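Every read-out reported here was derived from the displayed coordinates using simple, explicitly stated rules and does not represent laboratory data. Keep in mind the model is a prediction, meaning the values are calculated, not measured. Ideal geometry is used to build each Cβ from the backbone, glycine not excepted, and the neighbour counts take in all protein chains shown.
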Amino acid sequence: MEEDSDRPVTLHFCTYMNDHIGFCGSIKTFPSDFVVTEINTFGQLVNETSTDSLHKSCENLSEQTEVCQQDSKRLRLSPSELCTDEKCTTVQEDGFHYDLGCMPSSAGDSEDYKADSEPECHFDKAVTLDSLLAKPIRERLSQFACQVKDMWDSKSEQVLPPDEFFLGPVHDKKVRASLHSAIRQEYPFLVTVTKCGEIIVKANQDYQELCHLVSEEEACAFLRFLDAKLKQSKFAFRPDGDKEHRTMVHHFISKKFGKLVETKSFPDSQQKVVIMVRFREKSGSKKRAAADSGMKQEIYTAFTLRKDNLETLEAISYLSSELGVLPSDFSYTGIKDKKAITYQAMVVKKVTPKRMEELGSTTGKKGVGVSNVHSVSQPLRLGQLQGNHFHVIVRDLKLQSNDCSASLKERICEAIENVKKNGFINYYGPQRFGQGQNIRTDQIGLALLNEELVKAVKLFFTPEDSDGPVNKAKKYFLQTEDAKGTLAMLPDFKVREKMLLRALNRYGVNQEGCTRGWLSIPHSMRIFYVHAYCSKIWNEAASYRIKIYGTRVVTGDLIFSGKCTDSCSLNDKVHVVTAEEEMANEYAINQVILPMAGYNIRYPTNKVGEWYHKRLASDGLQMCQFRLPALQLNVPGCYRHLLKYPHSLSYSFLKGNEEGLGPRDNPQKDSEAFLSMSFRLDPSCYATVCLGEIMKYDL
């Protein structure tokens with residue numbers, strides 16, 4: 001929740017990682033003191049990206065993990081075999097050459113890349129193995145392919161290739177898709193699979209069986225046809241006058257690839273019969289094609305939103321009103337601070353880029369700006385970012401009240417360097433809870449989890465102490481339960497309140513009416529309150545974990561295992577630290593994770609796990625209650641690192657007359673010093689939490 005307050009905000013669960021004294025100061029004196037810029041999935045600041053760079057998704061090449069160690073049954077590669085040619089124009093990572101100019105357009109990638117998967121064309125003729133693999137790996141793959149071929153050609157049991165050829169971990173799905181197709185196109189007698197993000201090459205037994213029915217050339221051509229997955233293409237075997245033999249071919253293809261293709265026999269001009277193969281249409285595709293033939297494809301327009309001292313939802317409400325679309329037509333990766341200047345990526349559907357650009361030229365006076373407008377094919381998802389960059393000005397600098405043993409600059413430098421080195425506890429920040437408000441979002445979330453929906457509505461409409469129009473409307477509703485009258489009193493930008501009130505006006509302020517009211521709010525807003533409660537529990541658990549065990553990794557702690565990646569389930573990635581691992585100091589505190597409460601997570605097996613169960617029970621919650629069918633909410637839970645670090649943290653001391661930093665209402669204080677800080681945080685990390693660790697002061 002982005003509702004700021006002038007009252008001091010505290011975390012209430014604050015335990016610190018560092019033992020420095022800290023200092024006092026003020027943030028967010030002006031919105032320009034707190035500038036937040038989203039970092040997109042390509043590692044770019046969204047206010048600096050050009051339209052061209054936004055279209056080049058092929059440049060989003062993931063960092064690869066270390067080359068796996070030698071396995072006696074697999075051919076593996078050492079770092080010394082990787083390409084080191086400085087003149088190489090392709091991106092090189094862990095032995096693979098990723099040609100940025102010839103990446104496939106499809107983002108799909110089957111984790112178990114089998115021939116009976118749904119048709120999807122991954123192959124681009126421009127993508128070759130020479131452009132994807134470094135020369136030593138390319139040679140090893142060719143050697144493996146020759147061994148497989150020699151084994152089958154010799155028909156000797158003494159000529160055996162290795163069971164598998166191991167290419168290593170490739171975490172970028174587009175690169176994996178390119179490698180799968182390029183290998184299968186060049187070597188149809190090989191098959192590729194992905195296990196936990198690692199590509200493995202094996203002999204293709206289907207090829208060997210098919211070669212008993214048709215020639216090697218036909219078998220190779222057919223398997224290349226299958227892998228290319230060009231939906232409108234067809235494949236013809238050579239004319240065959242033997243009906244019994246044709247039946248065997250039909251049966252083989254149906255058995256092995258029947259989910260993907262269908263076959264039919266046709267006579268040719270020489271009175272022989274040809275077996276034709278084509279890809280199956282997806283179920284219902286003909287009906288959908290007929291129904292959609294007169295419909296236009298959905299329009300999505302991406303842009304960078306700049307907002308100044310506004311809630312994200314308030315900015316969306318204004319844009320939706322101006323564009324004539326619904327607020328739910330906008331998608332974004334996350335909400336940003338209110339009392340700040342923020343830049344974030346957004347996508348709106350049903351609006352053309354031209355219309356958005358026209359609107360962008362008129363929004364400045366409303367505290368809203370629009371830039372980097374371009375077409376895209378799909379909406380954004382929550383969490384679809386690499387993090388956020390922060391530029392923060394801290395004013396009113398002074399020593400802590402009980403500190404007189406060092407200079408202010410010494411205290412500041414000590415604090416910042418400590419947090420750079422040791423990190424901070426990864427608490428959810430105050431904006432998650434609306435702290436400083438009479439009712440916090442986590443209180444509403446708890447009422448929803450307990451299915452006390454009338455109570456949740458009344459908590460939602462609890463007013464603050466001021467006499468503004470919003471609080472007057474809320475007071476009126478609690479006194480009268482007159483939803484229609486309250487609607488007339490609320491300003492337009494209170495989107496959630498108006499959605500809920502319309503349903504209450506229609507269905508009444510009772511259990512059914514309040515259920516309908518909560519369902520009228522978009523799912524992302526509705527579940528936000530439940531997540532706020534889970535975040536509060538996580539914060540308390542983090543404090544408890546540090547207080548009882550400190551920075552030691554102990555038996556029963558949870559960490560993410562490095563053995564599984566993409567295809568493993570979330571819980572499969574979680575490892576419970578053993579007593580032997582604790583004795584060996586095998587893990588560091590920055591590897592420890594804590595669960596967000598839900599119905600499908602693992603809890604620590606030490607005192608922290610016991611604490612979770614007691615804490616949830618004290619609020620009347622059992623694990624099964626994280627499913628709320630009446631509200632269409634399921635909360636499976638997730639995991640969050642106990643510790644995080646600021647990246648690229650830099651700082652400097654400025655005078656008030658530098659860069660227009662002086663207080664606007666008191667020019668005489670132009671000589672006052674300010675602290676300027678710049679840093680980057682991972683997704684879902686809070687700058688206020690990082691600053692709280694640095695300053696040891698209630699912000």
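Here is the size of region 482-578 from its Cα atoms: Rg then Dmax, 21.7, 61 Å.
Once every Cα of region 295-376 carries one equal point scatterer and solvent is ignored, give the base-10 log of I(q)/I(0) from the Debye formula at q = 0.13, 0.18, 0.19, 0.22 Å⁻¹, two decimals. The calculated log intensity ratios at q = 0.13, 0.18, 0.19, 0.22 Å⁻¹ are -0.34, -0.66, -0.74, -1.01. Over all projection directions, the Cα-based convex hull of region 371-461 averages an area of 12.0 nm². Working note: Debye formula, equal point scatterers on the alpha-carbon atoms of region 534-637, no solvent; log10 I(q)/I(0) at q = 0.10, 0.13, 0.21, 0.25 Å⁻¹ is -0.31, -0.51, -1.16, -1.41. Here the mean projected area of the convex hull built on the C-alpha positions of region 304-455 is 13.9 nm². What's log10 of I(q)/I(0) for region 461-521 at q = 0.13, 0.28, 0.29 Å⁻¹, Debye sum over Cα points only, no solvent? Summing over Cα pairs of region 461-521 leads to -0.29, -1.21, -1.26.
Protection proxy ranking of 319-330, 415-426, 574-585, 529-540, by the mean of other Cβ atoms within 10 Å over each peptide's residues and highest first, is 529-540, 415-426, 319-330, 574-585.
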